[in-house]
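Contents: one structure, followed by commentary.
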């Protein structure tokens with residue numbers, strides 16, 4: 001039987017299981033009041049796995065934040081339903097022996113859904129960021145709505161997302177604060193200036209693709225496409241970022257690693273630090289793949305997003321900055337379009353994009369109230 005004195009009243013734990021939300025979580029930790037709240041971070045999932053770059057090493061938090069590393073079995077290949085069940089059991093055991101008043105969850109992965117179920121079952125209130133969004137090409141679409149059901153407080157990125165959350169749950173605690181990851185990108189654009197950002201673009205391309213159980217593009221088709229891209233754009237440097245653990249993620253990363261090894265203009269990396277990624281995205285002309293970074297962050301540094309497949313279909317996005325390509329079987333047609341994007345510095349660019357502007361002050365003021 002757990003007791004409420006294992007951590008002081010007002011304690012909050014921040015969950016991170018992938019590199020994507022860890023960048024946001026570290027920023028959110030700084031926004032929550034120091035006293036009387038005690039803060040902790042729960043690190044799990046691919047963060048602790050060698051084949052995904054042990055990205056836990058890149059997580060930096062203040063000394064007063066407790067750190068819990070929770071090694072998981074749900075990384076191993078198994079049906080999704082078993083992964084979810086394993087994750088729920090793991091989080092249940094963790095929460096049963098430690099007391100928190102709140103858990104902060106960002107996004108929509110199955111690990112986050114499992115944590116929200118276990119937290120709710122243990123009387124821990126869920127604070128959810130980025131609910132109400134839509135991704136028709138990913139099972140995360142369902143996970144996100146389940147997390148919304150189990151959450152007490154909702155921070156969303158746009159008014160459209162606020163309305164969708166309110167259609168799912170009857171709650172007055174739904175607040176529009178923008179997208180967490182946009183702050184530093186917007187500061188960079190506003191400081192450097194749009195024209196200078198464009199003039200500083202180099203012959204660099206980022207490729208980042210995440211598999212999922214419902215993705216329309218197979219690993220073999222994707223790797224073949226990327227091989228043609230590397231041949232056609234042999235005067236460009238292509239950074240290939242490893243994908244997540246979903247679906248055929250491990251198989252895809254192995255194929256991408258092998259492809260980069262035989263192409264001098266390509267490099268494969270499991271992950272980049274937040275600072276390195278910001279710099280790379282800012283100087284690259286295009287981001288290719290299906291990462292949500294193309295939706296939320298790329299527009300702020302005037303980098304065009306060439307979205308492949310269906311993963312992000314349904315998200316609010318920059319109409320100018322994002323180009324949707326569901327089918328890549330006609331690779332030459334896609335690569336000709338990419339050639340056009342690269343040759344025209346201002347092709348598909350919105351210099352004043354601000355749909356997802358983030359307000360940390362809004363969050364602080366709500367807690368001060």
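The values are calculated or read from the model by the stated rules, or taken from the named source; none is laboratory data. Everything numeric in this text was worked out from a predicted model, so none of it was measured. Positions of Cβ are backbone-derived with ideal geometry, glycine not excepted, and every protein chain shown enters the neighbour counts.
Against the conditions (1) within 21 Å of the chain's Cα centre (by Cα); (2) on the phi < 0 side of the Ramachandran plot, residue 122 satisfies every one except (1). The sole residue among 240, 205 that is on the phi < 0 side of the Ramachandran plot, touching a helix residue (DSSP H, G or I) at 6+ places or on another chain (Cβ under 6 Å) and either part of a loop (DSSP other than H, G, I, E, B) or modelled with pLDDT of 95 or more (or both) is 240.
Looking only at residues in the range 134-151 that are touching a strand residue (DSSP E or B) at 6+ places or on another chain (Cβ under 8 Å) and in contact (Cβ under 8 Å) with a residue 40 or more places away in the chain, the one that is surrounded by the most Cβ atoms within 10 Å (Cβ to Cβ) is 147. Looking only at residues in the range 183-209 that are in contact with a strand residue (DSSP E or B) (Cβ under 8 Å, 6 or more places away or on another chain) and within 15 Å of residue 304 (Cα to Cα), the one that is surrounded by the fewest Cβ atoms within 10 Å (Cβ to Cβ) is 202. Of all residues being at pLDDT below 90 and within 14 Å of residue 360 (Cβ to Cβ) in the range 138-184, which is nearest to the chain's Cα centre (by Cα)? Just the residue, please. So, considering only residues that are at pLDDT below 90 and within 14 Å of residue 360 (Cβ to Cβ), the one nearest to the chain's Cα centre (by Cα) is 181.
Residue-wise test of (1) in contact (Cβ under 8 Å) with a residue 60 or more places away in the chain; (2) within 13 Å of residue 307 (Cα to Cα).
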position: 320; (1), (2): no, yes
position: 334; (1), (2): yes, yes
position: 342; (1), (2): yes, no
position: 352; (1), (2): yes, no
position: 358; (1), (2): yes, no
